[in-house]
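Scroll down for the structure; my scribbles are underneath it.
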Amino acid sequence: IGIWDSVNHDGFHFIFPPSVPQQDIFVFEVFAVICAIHLLIQRTSPSHTIIVYSDSENTVALFNSLCAANAQYNALLKIAVDELLRRDYRLRVLWIPGAENHVADALSRQHFTLASRHDSLLSITFYYPHRMCWG
């Protein structure tokens, strides 16, 4: 997973233990939004609206409807909503074409030099997500 905070020029690459299943990309897309929420809450004061861009139309639809047919995705939504409610934040998840998502895409693919070419001020942090978030 790669997340890019374009305002602060901060990039994050998430490293998961080998035991985390890699086959369901949608879980990782949803988890990217949860991680962005967590990171942005640490950087802003309460009562703000967090805006997250995703190139996954399914992820955007999930967060805009707050409803999934799959219990696993509803559990992930609950993590996000709990975090937002606990700290009085609002969330908007907006779609961005994949072709315009250069930095986050490069970070997620471990193409750190390419990510830095797209944002010359980029500072990259490697992040190990908490077990609660991935099962």
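Some points to look at:
- Pairing residues of the range 1-18 that are more than 13 Å from residue 109 (Cα to Cα) and of a type in the set (Asp, Glu) with residues that are assigned to a loop (DSSP other than H, G, I, E, B) and open to solvent by 30 Å² or more (accessible area, probe 1.4 Å), at Cβ distances under 6 Å and at least 6 apart in sequence or on separate chains, gives no pairs at all.
- Of all residue pairs spaced 6 or more apart or on separate chains, those with beta-carbon atoms under 6 Å, a first member in the range 86-112 that is under 13 Å from residue 125 (Cα atoms) and a second member that is in a helix (DSSP H, G or I) are 107/115.
- Qualifying position, being under 20 Å from residue 104 (Cα atoms), of a type in the set (A, V, I, L, M), surrounded by fewer than 17 Cβ atoms within 10 Å (Cβ to Cβ) and in contact (Cβ under 8 Å) with a residue 40 or more places away in the chain, among 51, 34: 51
- Qualifying residue in the range 14-28 (condition: closer than 16 Å to residue 127 by Cα and in contact with a strand residue (DSSP E or B) (Cβ under 7 Å, 6 or more places away or on another chain)): yes
- Considering the range 67-88, and only residues there that are touching a helix residue (DSSP H, G or I) at 6+ places or on another chain (Cβ under 6 Å) and over 14 Å from residue 27 (Cα atoms), the residue that is most open to solvent (accessible area, probe 1.4 Å) turns out to be 87.
The values are calculated or read from the model by the stated rules, or taken from the named source; none is laboratory data. None of these values were measured; they are calculated from a predicted model. Ideal geometry is used to build each Cβ from the backbone, glycine not excepted, and the neighbour counts take in all protein chains shown. What goes into the accessible areas is simple: the full protein's heavy atoms, side chains included, and nothing from ligands, DNA or RNA. Shrake-Rupley method; radii C 1.70, N 1.55, O 1.52, S 1.80 Å.
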